[in-house]
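Okay, structure first, notes after.
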Amino acid sequence: MAASTSAPAAPQQSSTLTTISSLRNTLCNEATPLTDRFRALFSLKHLARTNPAASTEARAAIDAIAAGFASPSALLKHELAYCLGQTGNEYALAPLTAVLEDVREDAMCRHEAAEALGALGKTQSLDVLRRFRDRPGEEVVVTETCEIAIDRIEWENGEGRKVEKLRESNFNSVDPAPPMPQDKEEQNVEELGRTLMDTTLPLFRRYRAMFALRDLASPPDLPTAVPAVHALAKGFTDSSALFRHEIAFVFGQLAHPASIPALTAALSNPDEASMVRHEAAEALGSLGGEQGVEDTLKRFLNDKEAVVRESVIVALDMAEYEKSNETEYALIPEVTGTA
């Protein structure tokens, strides 16, 4: 046998790959507490984003996240898809496309895969997104997400984006839609609120109003913050479960106390879609330091919906994190709960 000509891995690379392997074991081990698996996931997302896109480490981290799609937990798989979209790495396109194309998969996971493809912003995803947007009998949440993802990719790669003046956001997430450009007239809370609730407009435009309102609510001491939160809360009356779920997600980003009543009402409504209730639970987790929030969450630990029960477990862990001195909701550099 000929001797290998490949150079041995550098010590730092070897150490990172060992960490990724350990995190993958944690993420994919069904016997490991869900809270540890979520922390492992966010650690892997961090490694996928901070290593060069074409590096062995970034690809190993993405492969590790994608391996989690074998789990029966819809909540975990939905979060996997979200994190893959946030990596900004084209290598994540293949596993996300496979999830979207698997019509046996939970609609909540497929919607998140479509949204993640939109976040990655690659034009090669347009064909598959259009196929499932137009697929007869497709779940509404999937068709709506594909519609928004298509619009986001076209915006990302279009000429109009280059001349838009966007407000600098306090959030480092890649969102389903950018905020409304600053040169638009509807940059005050009242006008954005009207756009948000105008069902005659494309969802992408309404989402742009949503994220513009989010940015007007941060930091929380802005004079526009509370009015913007109240305007966003009206979104919970929309007929689209996808839209309502995104309102809850935005509230989770903001962690503004003024959103607690609306989030509590959404979580407490047994007739609300599970994807909305789960997002409301996790948003409340980001507000865990506020009085009464943990008690509210604990009421739903035995909810009939598995995705809600699991979200409450994660939310309570997030609440503990919010009250702790931890700098990151992750297992890096310490890796625990491995197989």
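Under a Gaussian network description of the chain, with springs only between Cα atoms under 10 Å, the residue in R244, R167, R309 that fluctuates furthest is R167. The residues packed around D127, meaning those with a beta-carbon under 12 Å from its beta-carbon, carry a net charge of +2 if Lys and Arg are +1 and Asp and Glu are -1. Within the range 187-319, all pairs of alpha-carbon atoms sorted by distance into 10 Å bins from zero give the percentages 14, 45, 31, 9, 0.
Taking a ≥ b ≥ c as the square roots of the eigenvalues of the alpha carbon gyration tensor, the range 59-134 is oblate, as a/c is not under 1.5 and a/b does not beat b/c.
Using only Cα atoms, locate the centre of the range 105-172 and the centre of the range 19-89, then give the distance between them in Å, rounded to an integer. Distance between centres, Cα-based: 21 Å. In whole percent, what relative contact order does the chain give with Cα contacts below 8 Å and a gap of six or more residues? Relative contact order, the chain: 15 percent. Counting lysine pairs in the chain whose alpha carbons fall under 18 angstrom apart, excluding pairs fewer than 8 residues apart on the same chain, gives 5.
Using a/c under 1.5 as the rounded threshold, could you call the range 253-331 rounded, prolate or oblate? The axes a ≥ b ≥ c are square roots of the C-alpha gyration tensor eigenvalues, and prolate needs a/b larger than b/c, oblate otherwise.
prolate
Note that the range 114-131 has calculated 3J(HN,Hα) couplings of 5, 4, 5, 4, x, 5, 5, x, 8, 5, 5, 7, 4, 4, 5, 5, 5, 4 Hz, one per residue in order, obtained from phi through the Karplus relation 6.51 cos²θ - 1.76 cosθ + 1.60 (θ = phi - 60°); glycine and proline are x.
In percent, what relative contact order does the range 125-219 have, based on Cα pairs under 8 Å that are 6 or more apart in sequence? Walk me through the numbers before you get to the answer.
Numbers: 92 pairs, mean separation 23.5, N = 95.
Worked out over the range 125-219, it gives 25 percent.
Using a simple spin-label model with points 7 Å from Cα along the Cα→Cβ vector, what separation in nm is obtained for D295 and E191? Label-label distance for D295 and E191, simple model: 4.4 nm.
Residue-wise HN-Hα couplings along the range 221-234, as the Karplus relation 6.51 cos²θ - 1.76 cosθ + 1.60 with θ = phi - 60° gives them from phi, are 8, 4, x, 8, 4, 5, x, 5, 4, 5, 5, 5, 4, 5 Hz; Gly and Pro carry x.
Mind telling me which of A74, A265, A149 comes out most flexible in a GNM of the chain, alpha-carbon contacts under 10 Å? With Cα springs under 10 Å in the chain, the top fluctuation among A74, A265, A149 is at A265. When only the Cβ of Lys, Arg, Asp and Glu is charged (+1, +1, -1, -1), the dipole of the chain relative to its Cα centre reaches about 440 debye. Once you've got the GNM for the chain with C-alpha springs shorter than 10 Å, pick whichever of S43, S169, S311 has the biggest mean-square fluctuation. Highest fluctuation among the options: S169. Of the trypsin sites (Lys or Arg not before Pro) found in the range 104-163, those in coil by DSSP whose Cβ has at most 10 other Cβ atoms within 10 Å are R104. Would you work out if the range 29-163 is rounded, prolate or oblate? Take a ≥ b ≥ c from the square roots of the eigenvalues of the alpha-carbon gyration tensor; rounded if a/c is under 1.5, else prolate when a/b is larger than b/c, oblate otherwise. Note, shape of the range 29-163 comes out oblate. Across the range 52-69, coupling constants 3J(HN,Hα) worked out from phi with the 6.51/-1.76/1.60 Karplus curve, θ = phi - 60°, read x, 4, 8, 6, 4, 5, 4, 5, 5, 5, 5, 4, 5, 5, 5, 4, x, 5 Hz, and Gly and Pro carry x. Remark: C-alpha extents of the chain on the principal axes read 72, 49, 41 Å, sorted largest to smallest. Among V307, V226, a tally of other beta-carbon atoms within 10 Å of each Cβ gives an order, fewest to most, of V226, V307.
Computed from the coordinates by the stated procedures, all read-outs in this text should not be read as laboratory data. A quick note: this is a predicted structure, and the numbers were derived from the prediction, not measured. Cβ sites come from the backbone with ideal geometry, for glycine too, and all protein chains shown count toward neighbours.
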